[in-house]
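Notes follow the structure.
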Amino acid sequence: MNHPAPLKIAVLGLGYVGCVAAACLADQGHEVLGVDIAQAKVDLIDAGLSPIVEPGLGELVAAGRASGRLRATCDAATAVADSQLSLLCIQTPSATNGSLDTTALLRAAEQVGTALRQHTGHHVVAVRSTVLPGTLEQFVLPALEQASGRRAGIDFGLVYHPEFLREGTALADYHRPPRTVIGARDERSAALVASLYDGIDAPLVHCDLRTAELVKYTDNAFHALKVAFGNEIGSLCRAAQVDSAELMRIFCLDTRLNLSGAYLRPGYAFGGSCLPKDLRALTYLAHHHDIQTPVLDATLLSNQVHKQRALALVMAHGRRPVGILGLSFKDGTDDLRECPTVELAEQLVGKGFAVRIHDPDVRLSRLMGSNKAWVDRELPHIASLLVDDVDTLMAHAEVLVLASRAPHVATAVQRRRQDQILVDLVRLYAGRPADGDHYHALVG
């Protein structure tokens, strides 16, 4: 591994994350001073012993201490004053109501800020504690600025740098991470933190502070969801006399759709002829065997709640003439079975909205079989809502609902009137278009 230029680094908090980071950074050649309020942890580090149990960490701490590159202290001011980078690895435990207790983190930020009053060079503060989006901007940044009398992004840098270490494999995870995430307010600070990973073969991701703060939570929520999903499927396997290990082995062979980024793009609700029907059948099987499957049950409920969010977003503007661009549940098809946009149109009509729909792939005269039967049953008056000419829809609508990412939708939007409100259900735009005040997205 190519080692980066050595830095002087203060690591505040010598718990699991901080101790691993301090030892690994010292091993890379940096001069590291660990800080903790517990004298016992400081004494262990200075004796060349690890305060936590983790494979390989004891040897790394001993080597760092022997080389003189790893030391420890209870004095945060001394550590920060003599360093270029502070890593805040302070625990953020759960409060009784489920919120985070950031008291210790903010106290550490105040200590760092106080030390920065006397700091002569540029210093970067990188928070590694797991915190909710907005914590750095709303709490840590003000604490640092007030205590230091300096301005973030000008006099010092502020970075959020989440950790993804697993207990038992922490050293391997540090040196071979799936990706390294750096959320920063300025490029100079981001570059300094990024330099710690020179020679490490992993994607280096730069983003804003709030996105970086939410990455760890998204990871862990998905991991928890996978465990719960796997256990519910395993319980169904037992009832159905299926080998759950063999089933999941086959399931995991699909890296195109199952174990992939497929479907993980926030937008509108799911629909179609498969997902809703098969989920209902699976939960029926579970209930038939008296097996509780709250994750599977909640998936359909969550989808329905998301559809209600879309309806509320369209209705919120109080304008009755509505034009929906896109109808079928999947672009490039005419399949309307359990399509969330069909349900949306039906609900809007029922609430007195004047709805027009344009989808060049949907022609009622071409519908047949179960697709036609579903439309005849669920939305028999859809013919009166469909318009073949997009200009007719554009002239009618005061609210344009974007329900498809197909090219014809973007083309139509480019011709919109300035007074038309855009309700984006599919995140057609990565950010707000030029007339941002008239743009409203279902997801961020």
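Partner aspartates and glutamates whose Cα lies under 14 Å from the Cα of Lys8, excluding those fewer than 8 positions away in the same chain, are identified as Asp27, Glu31, Asp82. Accessible area per residue for segment 94-208, computed on protein heavy atoms with a 1.4 Å probe, is 47 Å². Above 27 Å, the calculated P(r) of segment 175-334 contains 49 percent of its Cα-Cα pairs. Distance between the 7 Å Cα→Cβ label points at Tyr263 and Ala63: 4.4 nm. When DSSP beta bridges are restricted to pairs lying wholly in segment 84-180, around 10% turn out antiparallel. Let me check against my output: what whole-number percent is the relative contact order of the chain, with C-alpha pairs under 8 Å and at least 6 apart? The normalised contact order for the chain reaches 10 percent. For each pair in Lys216/Lys307; Lys277/Lys330; Lys307/Lys330, compute the distance between the two Cα atoms and list the pairs where it is over 18 Å. Going by Cα-Cα distance, Lys216/Lys307 fall outside the 18 Å limit.
Approximating the spin labels as points 7 Å out from Cα along Cα→Cβ, the Val242-to-Arg151 distance works out to 6.1 nm.
The apolar share of the surface of the chain, taken as the fraction of accessible area on carbon and sulfur atoms (1.4 Å probe, ligands and nucleic acids excluded), comes to 54 percent.
On the beta carbon distance between Asp75 and Ser195, with R0 = 41 Å, the FRET formula returns roughly 0.95.
Rounded to the nearest 20, the Cβ-based charge dipole of segment 8-84 about its Cα centre (Lys and Arg +1, Asp and Glu -1) stands at 80 debye. Dipole magnitude for segment 179-236: about 100 debye, using +1 per Lys or Arg Cβ and -1 per Asp or Glu Cβ, origin at the Cα centre.
Eigenvalues of the alpha-carbon gyration tensor of segment 71-128, scaled by 5 and square-rooted, set the equivalent ellipsoid semi-axes at 25, 11, 10 angstrom, largest first. Its relative contact order, with pairs defined as Cα atoms under 8 Å and 6+ residues apart, puts segment 280-374 at 26 percent. The solvent-accessible area of Asp219, taken with every protein chain present and a 1.4 Å probe, is close to 30 Å². Fully extending the segment from Ala395 to Asn220, taken as 0.36 nm per residue of separation minus the present Cα-Cα distance, adds 58.3 nm.
Which one, Val35, Thr73, His206, projects farthest toward the positive side of the charge dipole computed for the chain from Cβ point charges (K/R +1, D/E -1)? Going by the charge dipole, the pick is His206. When the charge dipole of the chain is built from unit charges on Cβ atoms (+1 for Lys and Arg, -1 for Asp and Glu) and taken about the Cα centre, the candidate among Ala23, Pro340, Val125 whose Cα reaches farthest toward its positive end is Pro340.
Within segment 275-375, the ratio Rg/Rh, alpha carbon atoms throughout and Rh by Kirkwood, equals 1.05.
The dipole here belongs to the chain: it is taken about the Cα centre, uses +1 on the Cβ of Lys and Arg and -1 on the Cβ of Asp and Glu, and is about 660 debye. In terms of its alpha-carbon gyration tensor, segment 290-343 comes out oblate; a/c meets the 1.5 threshold, while b/c is at least as large as a/b. Computed over neighbours whose Cβ is under 11 Å from that of Ala406, the net charge equals -1, Lys and Arg +1, Asp and Glu -1. What the Cβ-Cβ distance of Glu346 and Gln91 gives, at R0 = 45 Å and to the nearest 0.05, is a FRET efficiency of 0.35. If R0 is taken as 60 Å, the Cβ-Cβ distance between Asp173 and Arg320 corresponds to a FRET efficiency of 0.60. Which percent, nearest 5, of DSSP beta bridges in the chain are antiparallel? Close to 5 percent. How would segment 21-117 be classified by its alpha-carbon gyration tensor: rounded, prolate or oblate, with rounded meaning a/c under 1.5 and the a/b versus b/c comparison settling the rest? The shape class here is oblate. Surface calculation, 1.4 Å probe, protein heavy atoms: Ile291 sits at approximately 30 Å² accessible.
When segment 251-346 is described by a simple charge dipole with +1 on each Lys and Arg Cβ and -1 on each Asp and Glu Cβ, the residue from Ala310, Val322, Thr255 located farthest towards its positive end is Val322.
The values are calculated or read from the model by the stated rules, or taken from the named source; none is laboratory data. The shown structure was predicted, so the numbers you read here are calculated from the model rather than taken from an experiment. So basically every Cβ, Gly included, is an ideal-geometry build from the backbone, and we count neighbours across all protein chains shown. With ligands, DNA and RNA removed, areas are computed over all heavy atoms of the protein, side chains included. Shrake-Rupley method; radii C 1.70, N 1.55, O 1.52, S 1.80 Å.
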